[in-house]
Amino acid sequence: MSINFKKLADKYQTPFYVYDFNHITKQYEELKSSFRARKSLIAYAVKANSNLSVIKHLAELGAGADCVSIGEVKRALKVGVPTYKIIFSGVGKSDEEIKEALLLDILMINVESAAELNRVEIISKELNKVARISIRVNPNIDPKTHPYISTGLHENKFGVDIDTAKRMYIQCKNSEYLEPTGIHCHIGSQLTELDPIKESINIVANLVRNLKAIKIELSFMDVGGGLGIVYKDEKLINTYDYAQTILDSMFGLDLTVICEPGRFIVGNSGIFVTKVLYEKINGNKRFIIVDGAMNDLIRPALYDAYHKIEVLNDNKDFSDCNIVGPVCESGDFFGKNIELPSTQSGDLVAIYSAGAYGFTMASNYNTRERVAEIALIDGEDRLIRRRESFEDLIAHEIEFIK
């Protein structure tokens, strides 16, 4: 889709995020169709981009929601995701969150430790409700991705090992307040190799067979998400091959497959647009200073992540530079040692692949207002989150008076 960035900048001011909803539809339908031979649920990972309009758009396509806070559960419910398509995951759920999830009667709670299972059982008993349980298994498989987004090794905080999972399922079977419903495995994000996925699903499928042998029957296998996208030159996993690998591993098991994509659905739908303030030279180092900052898009600072950056002018004289923001941190950058053309104040800069873990990780550091979010649907732009004001930032603060 051709985007008139200048028109959007004039209308909404910079910086802003813009999301192509047609791309979101395409990604969802591609993945859903890959599992067409099996009962399946695509449960969108809300953490990737939690804008209500994004979740609603996916809900209307048939998606469920993978949530890691009760706030994300409420977002999903607010825009019409059915309770029976909502999963509540996360390593550290509070008693209040567990109680609310049980009262909301969502599909299942994805439990990540024996201690958490005990709390769910106690709270379920207090409420006199049966909790539908999925247990997250940590298969100890190296996902071959960035260590900060690896989740399937024992050194990571997520899930439990196979033996612990077995004991937890037996506890569920023997409890009148716990119903073993599903099993979950997610080894990491931005996955670009199929072998680690195959290894992990094989381990989980064998555990399901072992549980079946002792009369513990599950209904759902949640294979997690993590499918990668192109940021630079990554070679991606074909979605048909991905689905077939999972279905082959599940041979003989009558389970509904749940897949939890986030980045795959929304990552390349989004562009962060910022404006050049001015250029400066320190010694022989060139800096392009823009009005966006690390508080708006933190992935480069946090992960040293690469995002394609394009200066939207016609200049041809490229040279090495750093592109940086106004925040008072040396880590406030979008790109270092990259070739970009000379710029003038007011030139627009597009930072691509910003639809996932962009706005959702934004902050108000340096008392900076969070930016506007815009949807493009069939070429028409719609504001889906207005830019914050200073009054928004201080609305919940109380000025102490002596």
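Details
- Extension reserve of the residue 306-residue 377 stretch, reckoned as 0.36 nm per residue once the Cα distance is removed: 22.9 nm
- Karplus (6.51, -1.76, 1.60) ³J(HN,Hα), θ = phi - 60°, over the stretch 361-375, in Hz, Gly and Pro reported as x: 9, 6, 9, 9, 3, 6, 6, 9, 6, 5, 7, 6, 10, 10, 9
- With θ taken as phi - 60° and the Karplus curve 6.51 cos²θ - 1.76 cosθ + 1.60 applied, the whole-hertz 3J(HN,Hα) list for the stretch 18-33 is 10, 10, 8, 5, 5, 5, 4, 4, 4, 5, 4, 5, 4, 6, 4, 5 Hz, x standing for glycine and proline.
- Per-pair calculated FRET efficiency, R0 = 41 Å: residue 287 and residue 96 via Cβ, rounded to 0.05: 0.30
- Each of (1) 37, 30, 18; (2) 45, 22, 18; (3) 41, 24, 19 is a candidate for semi-axes √(5λ) of the Cα gyration tensor in Å; the one calculated from this structure is (3).
- Per-residue extension of 0.36 nm, minus the Cα-Cα distance of residue 61 and residue 313, leaves a gain of 87.0 nm for this segment.
- Proximity of backbone amide H atoms, modeled 1.01 Å from N, is registered between residue 312 and 348, 349, 350 at under 5 Å, excluding neighbours fewer than 5 places apart on the same chain.
- Among the listed pairs 47/285; 78/99; 74/235, those with a Cα-Cα distance over 27 Å are 47/285; 74/235.
- Rolled with a 1.4 Å probe across the full set of protein chains, the surface gives residue 328 an accessible area near 110 Å².
- Across the chain, Cα pairs under 8 Å and at least six residues apart give a relative contact order of 18 percent.
- Note on residue 56: accessible area is roughly 100 Å² with a 1.4 Å probe, heavy atoms of protein only.
- Per residue, the chain exposes an accessible area of 46 Å² to a 1.4 Å probe, with every protein chain left in place.
- Helix-only [θ]222 nm of the chain, DSSP H runs n ≥ 4, -39500 (n - 2.57) each, per residue, nearest 500: -9000 deg cm²/dmol
- In Hz, Karplus ³J(HN,Hα) per residue of the stretch 42-51 (6.51, -1.76, 1.60; θ = phi - 60°; x = Gly, Pro): 8, 9, 4, 6, 4, 4, 5, 7, 9, 4
- For the chain, the share of accessible area belonging to carbon and sulfur comes to 49 percent (1.4 Å probe, ligands and nucleic acids excluded).
The values are calculated or read from the model by the stated rules, or taken from the named source; none is laboratory data. Not measured: the values here are computed from a predicted model. Methodologically, a virtual Cβ is constructed for each residue, glycine included, from the backbone with ideal geometry; neighbour enumeration extends over all protein chains shown. Protein only, heavy atoms only, side chains kept; ligands, DNA and RNA dropped before computing areas. Shrake-Rupley method; radii C 1.70, N 1.55, O 1.52, S 1.80 Å.
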